[in-house]
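Following: one structure in structure tokens, then a few remarks.
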Amino acid sequence: MVQTLPNIVLVICDTLGAKHMSLYGYERHTTPNLERLVEEVGFTVYTNCYTTSCWTSPAHASLFTGLYPGEHGVHEGNMCLAGNFMTLPELLEWCGYTTIGISCNLLIDVLTGFGKGFDVFHSIGGRLIFSESDPYVRALGRFVSENSRSNWDRVRNSIGWCIRNRKLAPLLKKTANKLYKKLVLSKRGVRINSTPFTKKALLVAKKEIRRAENPLFVFLNLMQTHHNYNPPHGFRHVWSSKSSPYKGSGQDFLNHYYKEPYPDEAIDYFRDLYDEEVLFLDHCLAGFIREILYSDAGDNTLIIITSDHGEHFGEDGHYGHILSLEDAVTKIPLMVRFPGGSCDVKDSLVQINDIVATLMDVVDCPVPPPTSSVSFVSSNRRSKALMEIIKPERWLSKMKDSEFKRRISKGPFQREIKGGSPSESDKQVS
């Protein structure tokens, strides 16, 4: 442990799966810069890291609390983090850190409860009009989600809830947010072209780091590898075909389940675009990290690069990141550059919620982490990793009655990985 508190930079590469990184053995050379950086500045690469769920909100809630989805309550029916949980930025703030949040994902925002403990929070990817973490808005959303199987049910249940509770404002707020997302953010937001948002987020992060006087914690969410895949000039067509018939077609994974599955040729083309996004992200991250580490305080800086989940491209009939806890979507990268730098590779089992206990160890925080978070700088070792989908029926209720739907059971999905590496017997159970 260092004698003074290190600066901490935590980068979440949204939707980046370890499976698509050449650093982790992928056949395409998608991460050449990160591979050089491992030896150049001394990263420890964890080869057996898992998230706790298959999508953004529950995985980030685990990252911030050290808890599993079944414990923190953020799931398919509730995207907001409750205010009664002690969060990672809050703990670091108590330890003397200036805490900065920078997010390109509107799901990870002050208005969804993820701003607790941050001195400053930059919403780079856009922000909803009204807070989704308001207790009445959350109650309305939970009631409608748990009791609706069709759009008509949602309308009827929303109106019924407002009448029974004599409150109209929550419905108006949720409606305004949905319309704003559909009419504005979906047409010009980060999911259409993430590149300018990635560049801006990294620029904001560098400015915050340069002017920091106290020990600094920077959380950074980048959406470069989230659909829609739209790699910038200079990286597009490294693998994707210029003449693909699927060029310009929609990449909505919900349509793959709700309407008609994408043909293999379309998924192959989307995979090519995704790999090009990974290649561009690799380029951006390497430059950002070098600039941080070659600054005056760079040697006493702890950098974590990881992801909230990966992406499916046809594995077991899946596309995107819902309704599955298989490796393609749950096995994530984890690179940690500890102060001073030391190049190493570790295959011990770790999980995204272990970052809380790890950072508490590093800064010698007197508050004990939850038992579900195991520090990977201590002598303790995780015996198993647990992944959960708490409310799969939210997705299943919208699917057409198909062979795919029939082979997926309703009810919570869980998957456990035991020991060091997953075995062939480790299967998703429901």
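Evaluated against (1) in a loop (DSSP other than H, G, I, E, B); (2) touching a residue at least 12 places away in the same chain (Cβ under 8 Å), Cys49 falls short on exactly one condition, (1).
Select from region 111-141 the residues that are of a type in the set (Val, Ile, Thr) and either within 11 Å of Cys80 (Cβ to Cβ) or open to solvent by less than 40 Å² (accessible area, probe 1.4 Å) (or both) and list them in ascending order. Break it down into steps so the answer makes sense when it comes.
Taking region 111-141 and keeping what is of a type in the set (Val, Ile, Thr), we get 112, 120, 124, 129, 137.
Passing the criteria: Thr112, Ile124, Val137.
Taking the criterion of being in contact (Cβ under 8 Å) with a residue 40 or more places away in the chain and more than 12 Å from Gly314 (Cβ to Cβ), the only residue of region 262-273 that qualifies is Leu273.
One residue stands out among those in region 19-37 that are open to solvent by 10 Å² or more (accessible area, probe 1.4 Å) and not in a loop (DSSP other than H, G, I, E, B): the one that is farthest from Thr330 (Cα to Cα), which is Arg36. Here His237 meets each of (1) assigned to a loop (DSSP other than H, G, I, E, B); (2) open to solvent by 10 Å² or more (accessible area, probe 1.4 Å); (3) touching a residue at least 24 places away in the same chain (Cβ under 8 Å); (4) on the phi < 0 side of the Ramachandran plot with one exception, condition (4). Within region 379-394, the set of residues being open to solvent by less than 30 Å² (accessible area, probe 1.4 Å) and at pLDDT below 90 comprises Pro392 only.
Is it the case that Glu277 is out of contact with any helix residue (DSSP H, G or I) (no Cβ under 7 Å at 6 or more places or on another chain) and modelled with pLDDT of 95 or more? Before the answer, list the steps.
Values: out of contact with any helix residue (DSSP H, G or I) (no Cβ under 7 Å at 6 or more places or on another chain): yes; modelled with pLDDT of 95 or more: yes.
For Glu277, the condition - out of contact with any helix residue (DSSP H, G or I) (no Cβ under 7 Å at 6 or more places or on another chain) and modelled with pLDDT of 95 or more - is met.
Going by the structure shown, is Asp282 of a type outside the set (Phe, Trp, Tyr), in contact with a Leu (Cβ under 7 Å, 6 or more places away or on another chain) and outside any strand (DSSP E or B)? Write out each step before concluding.
Details: of a type outside the set (Phe, Trp, Tyr): yes; in contact with a Leu (Cβ under 7 Å, 6 or more places away or on another chain): yes; outside any strand (DSSP E or B): yes.
Against the criterion (of a type outside the set (Phe, Trp, Tyr), in contact with a Leu (Cβ under 7 Å, 6 or more places away or on another chain) and outside any strand (DSSP E or B)), Asp282 qualifies.
Applying the condition of being part of a loop (DSSP other than H, G, I, E, B) and touching a residue at least 12 places away in the same chain (Cβ under 8 Å) to region 251-261 and asking which residue is most open to solvent (accessible area, probe 1.4 Å) yields Lys259. Go through Asp327, Asp299, Asp308 for me and flag whichever is touching a residue at least 40 places away in the same chain (Cβ under 8 Å), farther than 30 Å from His237 by Cα and of a type in the set (Asp, Glu). Result: Asp299 is the single residue among Asp327, Asp299, Asp308 that is touching a residue at least 40 places away in the same chain (Cβ under 8 Å), farther than 30 Å from His237 by Cα and of a type in the set (Asp, Glu). The set of residues in region 74-85 that are out of contact with any Lys or Arg (no Cβ under 6 Å at 6 or more places or on another chain), under 21 Å from Val120 (Cβ atoms) and surrounded by 17 or more Cβ atoms within 10 Å (Cβ to Cβ) comprises Leu81, Phe85.
If I filter region 293-317 down to residues being open to solvent by 10 Å² or more (accessible area, probe 1.4 Å) and aliphatic (A, V, I, L, M), which single residue comes out as farthest from Ile352 (Cα to Cα)? Checking each candidate, the answer is Ala297. Note on region 1-16: among residues that are assigned to a loop (DSSP other than H, G, I, E, B), touching a Ser or Thr at 6+ places or on another chain (Cβ under 7 Å) and of a type outside the set (Val, Ile, Thr), the one that is surrounded by the most Cβ atoms within 10 Å (Cβ to Cβ) is Leu16.
Against the criterion of being buried (at least 24 other Cβ atoms within 10 Å of the Cβ) and over 14 Å from the mean Cα position of the chain (by Cα), Leu92 qualifies. Among the conditions (1) outside any strand (DSSP E or B); (2) open to solvent by less than 50 Å² (accessible area, probe 1.4 Å); (3) closer than 25 Å to Met335 by Cα; (4) not polar (S, T, N, Q), Arg271 misses just one, which is (2). When region 223-233 is filtered for residues that are open to solvent by less than 60 Å² (accessible area, probe 1.4 Å) and free of Cβ contacts under 8 Å to residues at least 60 places away in the same chain, the ones remaining, listed by number, are Asn228, Tyr229, Asn230, Pro231, Pro232. Only residues that are touching a helix residue (DSSP H, G or I) at 6+ places or on another chain (Cβ under 9 Å) and either open to solvent by 60 Å² or more (accessible area, probe 1.4 Å) or under 14 Å from Val155 (Cα atoms) (or both) were counted in region 174-187, giving 2.
The number of residues in region 196-232 being among the aliphatic types (A, V, I, L, M), at pLDDT 95 or above and in a loop (DSSP other than H, G, I, E, B) comes to 1.
The values are calculated or read from the model by the stated rules, or taken from the named source; none is laboratory data. These figures come from a predicted structure and were not determined experimentally. Cβ coordinates were reconstructed from backbone atoms using ideal geometry, including for glycine residues, and neighbour counts include every protein chain displayed. For accessibility, only protein heavy atoms count, side chains too; no ligands or nucleic acids. Shrake-Rupley method; radii C 1.70, N 1.55, O 1.52, S 1.80 Å.
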